[in-house]
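Below is one structure, written out as structure tokens; the observations come after it.
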Amino acid sequence: MAARIIVRIELAPNAKSRLNELTDKAGMTQVAMLSRLVEWFANQSDMIQAAVLGQYPLEIQSEIARLILKRMQGKKD
């Protein structure tokens, strides 16, 4: 088994409640779900990470998904 690192997180009560609902629905432990989410996030491009973290200006937030998809499409060609 690969080495593991344990990380603690802090959640607001409503986020913890929603996490409980999601893990129950998926039949997963909180550690498994959060590990997958962090691994997914860490492997995303800088553009996706910035969008998830809300780092784009408010003026373009409504267009950001379209802009990212357009840019991703251009890289494949």
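Readers should treat all values here as calculations from the given coordinates under stated rules, not as data from a laboratory. Since the structure is predicted, the reported quantities are computational estimates derived from the model, not experimental observations. In this analysis, Cβ positions are derived from the backbone assuming ideal geometry, glycine residues included, and neighbour counts consider all displayed protein chains.
Placing R0 at 25 angstrom, the Cβ-Cβ distance between Glu63 and Phe41 gives a FRET efficiency of 0.70 after rounding to 0.05.
Taking 0.36 nm per residue of sequence separation and removing the Cα-Cα distance, the Gln49/Glu10 pair yields an extension gain of 12.1 nm.
Restricting the GluC sites (Glu not before Pro) of the chain to loop positions (DSSP other than H, G, I, E, B) with no more than 14 neighbouring Cβ atoms within 10 Å leaves Glu10, Glu63. Between Leu19, Ala3, Leu37, the Cα set farthest toward the positive side of the dipole of the chain (charges on each charged residue's Cβ, about the Cα centre) is that of Ala3.
List the trypsin sites (Lys or Arg not before Pro) within the stretch 1-59 that DSSP assigns to loop and that have no more than 14 neighbouring Cβ atoms inside 10 Å.
Working: sites: Arg4, Arg8, Lys16, Arg18, Lys25, Arg36; in loops: Arg4, Arg8.
Of the trypsin sites (Lys or Arg not before Pro), the ones in loops of the stretch 1-59 whose Cβ has at most 14 other Cβ atoms within 10 Å are Arg4, Arg8.
Relative to the longest principal axis of the Cα atoms of the chain, helix 13-26 runs at roughly 80 degrees.
Given the options Leu34, Leu53, Leu19, which has the most mean-square fluctuation in a GNM of the chain, springs set between C-alpha atoms less than 10 angstrom apart? Highest fluctuation among the options: Leu53. Excluding residues fewer than 8 places away in the same chain, name every one of the aspartates and glutamates whose C-alpha is closer than 13 Å to that of Lys16. Hits, sequence-local ones excluded: Asp24. Put simply, the Cα atoms of the chain extend 38, 33, 22 Å along their principal axes, the longest span coming first.
Neighbour counting of Cβ atoms within 10 Å sorts the residues Met1, Met72, fewest neighbours leading, into Met1, Met72.
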